[in-house]
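Participant: Structure in structure tokens, see below.
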Amino acid sequence: ADTGRNMRLFQKTIAFSNGTVCFLIALFIIATAVVLYYPMHWGDYDVLWHLRYGSHFVTESTWRVDHAAYSWTPVDTDWKYVTWLGSSALYVIHSISGFAGLHVFLFLILVLTGLVYVTYIRLSGGGFRIVHAAYVLLAAVAINPTAIYIKPELFTVLFFTIAVFIYFLSKRLGKNYFYLYPPLFLVWVNTHGGVLNGVIFVTMTLVVEWMNVFLAPRNALDGKLLAWFTGSAALSCAALAVNPYGVGYPVETIVRLVGGDKGYQDIIMAYINRWQYLFPDLYVFRRTNTAWALVIMLASFFAVSVYAYGKQRFIDIGLVLVNCVFFLFSMQMARATLFFPLIWLFSMEYVAQKADGEGFSRNVAPFAAAAVLLVSGVCFWNTVTMNTYDSWFGSDIDLFVPVKEASYVSDNSLPEPLFNDYLSGGYILWALFPDYK
């Protein structure tokens, strides 16, 4: 009798967790948690630097810039840095709506990224359920330390998601969407250097698909589809050369990335590893939360892969390999944290669909609801107790940048040079008073 009552209670719990009321409550909690967890983070003033760059590109009608033009400190003028589309977009947004508009832009990128994922679920025949909402929340926590900064790198969040979407949708439906890669990469290479991570993803998945032809024919793409994938990947690589510096830009970027100054990378936050934050001496909540989110993601992917093998004897070794490689990449370099969570989102749904359609999503709904409450609770607690220097929609900007000092400089027309730090100085002055010369 007790067993029967427990079973009925469990069935009611599953039914409620899959219901509309629970889903809407979860969405509201998630949206609130993400807004609180994504302030305008003033720990990095790159946004002001990019606004100055964007001003140059737009007003001068050019896609090139002398990298010494806006610095009073020694710089490498041979450095090839291409963000003319990204920086120009930020400049236009700021010109129209100020810092509040830039913050809206940050959330727009996050929303569009989520919509790409929802579109994949819908087109592949599934329904967006509470488990998917929980996935999105966990991914948002994972990418936060990188995606919180308003800079052209935000476009990479969206573009990389689209690149992953194209691969998984083509693989899931057996239809050719690979032709979208070349135009995507053409825009991406002129927006932000994160395009190289897209190249890594496309190259690795292409190699995996060719391996499947010989080692796992059951998981292999159709021959015609694989040919399209190969041709599109080749054209995408060719598209990288269409930028202000030609083929030299991607080549030099790869060389710098592979053979960069190890000492420099050890002290720059964008290049530090995540392993040290799993059991830190000091809890730095964004970094520690991200490190554990990445570990939980990999463990959950292994779990759903085992589930799929038990249900259908299905396992995609290539997909396991891709997830493991990008997990290690994301743990090893903070800037790469963006990529594994986005791959993981699609991988989880793809493997679960292969296992038993939407059965997995329905059955784990109670656990997903609990995860939403737990992760959101952590976000709320961290925001309330530990956020002391962040801003929402440009509020209290004077706490982070010298607004009064810049006003004084502007009012008194003091001569240049006034500053010697590219992170602040002249860029802050220009951002607040763009007409000041």
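The values are calculated or read from the model by the stated rules, or taken from the named source; none is laboratory data. Since this is a predicted model, take the numbers as computed values, not measurements. As a convention, Cβ positions derive from the backbone with ideal geometry for all residues, glycine included, and neighbour counts pool all protein chains shown. Heads up: the accessible areas ignore ligands, DNA and RNA and are worked out on the full protein's heavy atoms, side chains in. Shrake-Rupley method; radii C 1.70, N 1.55, O 1.52, S 1.80 Å.
Participant: Per residue, how much accessible area does the stretch 131-229 show when a 1.4 Å probe rolls over the protein heavy atoms, in square angstrom?
Facilitator: Per-residue value: 32 Å².
Participant: Considering amide H positions built from the backbone, and no H for Pro or chain starts, which residues 5 or more places from residue 40, or on another chain, come under 5 Å of its amide H?
Facilitator: 391, 392, 393, 394
Participant: Based on the alpha-carbon gyration tensor of the stretch 94-166 and its eigenvalue square roots a ≥ b ≥ c, which shape applies: rounded if a/c is under 1.5, prolate if not and a/b is larger than b/c, or oblate?
Facilitator: Prolate is the answer for the stretch 94-166, as a/c is 1.5 or above and a/b outweighs b/c.
Participant: Same structure, new question: Quantify, in whole percent, the carbon and sulfur part of the accessible surface of the stretch 288-360 (1.4 Å probe; protein heavy atoms only).
Facilitator: 70
Participant: On a 1.4 Å probe surface of the protein chains, which of 279, 165, 329 comes out largest in accessible area, and what is the full order?
Facilitator: From most exposed to least exposed: 279, 329, 165.
Participant: Where a ≥ b ≥ c are the square roots of the eigenvalues of the C-alpha gyration tensor, would you call the stretch 202-247 rounded, which needs a/c under 1.5, or, failing that, prolate if a/b is larger than b/c, or oblate?
Facilitator: Note, shape of the stretch 202-247 comes out prolate.
Participant: I need the calculated FRET efficiency for the pair residue 252 and residue 203, taking r as the beta carbon distance and R₀ as 22 Å, to the nearest 0.05.
Facilitator: Here the calculated transfer efficiency is 0.75.
Participant: Separate question: For a test of the definition: using alpha carbon positions, the gyration tensor, and the 1.5 limit on a/c, classify the stretch 285-395 as rounded, prolate or oblate.
Facilitator: In terms of gyration-tensor shape, oblate.
Participant: Now, a different point. Largest first, please: the extent of the C-alpha atoms of the stretch 50-205 along each principal axis, to the nearest Å.
Facilitator: That gives 55, 33, 25 Å along the principal axes, largest extent first.
Participant: For a quick check of understanding: with a 1.4 angstrom probe and all protein chains in place, what accessible area in square angstrom does residue 337 have, to the nearest ten?
Facilitator: Only protein atoms counted, so the area is about 0 Å².
Participant: Roughly how big is the stretch 76-199's charge dipole about its Cα centre, with Cβ charges of +1 (Lys, Arg) and -1 (Asp, Glu), in debye to the nearest 20?
Facilitator: Roughly 580 debye, rounded to the nearest 20.
Participant: So, one more: Based on the alpha carbons, how large is the Rg to Rh ratio for the stretch 123-163 when Rh follows Kirkwood?
Facilitator: 1.06
Participant: Ignoring any ligand, DNA or RNA, what whole percent of the accessible area of the stretch 105-234 comes from carbon and sulfur when the probe is 1.4 angstrom?
Facilitator: 72
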